[in-house]
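The structure under discussion appears below in the form of structure tokens.
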Amino acid sequence: MNHKELEKVLKALANRRRIAILKCLKHLNKASVGVVASEIKLSFRATSRHLSVLFSADILEKEQSGLMVLYFISKDKNPIVSKLLSII
């Protein structure tokens, strides 16, 4: 992992809402934006933005199921993400 990728991951993880999203997805495995928003008590729009940040940092993956997009934690986890998931 180069410095730029590391910076992107660390910036994505440096937010309490995004950590809450990871904690939620750790327990639910896969969830839509609406379900995550409801679980962490945040607006749909804000949750969607946070999910986009995590996705662009390769922390999350997504799959299209009809009109719904389901997010889940990437199977190829970065060691930093793996460590965070082990403590939340």
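Bear in mind that the values in this text are calculations on the coordinates, not laboratory data. Quantities reported herein were computed from a predicted structural model and do not represent experimental measurements. Every residue, glycine as well, gets a Cβ built from its backbone with ideal geometry; the counts of neighbours run over all protein chains shown.
Brief remarks on what is shown
- For the chain, the 222 nm mean residue ellipticity estimated from helices alone, with every DSSP H stretch of n ≥ 4 adding -39500 (n - 2.57) and the total spread over all residues, rounds to -18500 deg cm²/dmol.
- Read-out Cα Rg over 2.2 N^0.38 Å, derived from the coordinates shown; its label in [x] 1.02; [y] 1.07; [z] 1.22: [x]
- For the chain: lysine pairs under 15 Å (alpha-carbon distance), excluding those fewer than 8 apart on one chain: 13
- Compared with the direct C-alpha span, the chain from residue 49 to residue 76 gains 7.5 nm at full extension, assuming 0.36 nm per residue.
- Each Lys or Arg adds one and each Asp or Glu takes one away; over the other residues whose Cβ falls under 12 Å from the Cβ of residue 82, this sums to +3.
- Measuring nothing but how far apart in sequence close Cα pairs (under 8 Å, 6+ apart) lie, relative to its length, the chain scores a relative contact order of 30 percent.
- Taking 31, 57, 14 as the candidate residues, the one with maximal mean-square fluctuation in a Gaussian network model of the chain, Cα springs under 10 Å, is 14.
- Packing-based exposure ordering (other Cβ within 10 Å, fewest first) of 50, 27, 3: 3, 27, 50
- Extension gain (nm, one decimal) between residue 10 and residue 38, 0.36 nm per residue minus Cα-Cα: 7.6 nm
- Here is the list for region 8-51: trypsin sites (Lys or Arg not before Pro) lying in DSSP coil, each with at most 14 other C-beta atoms within 10 angstrom of its C-beta, are 30, 41.
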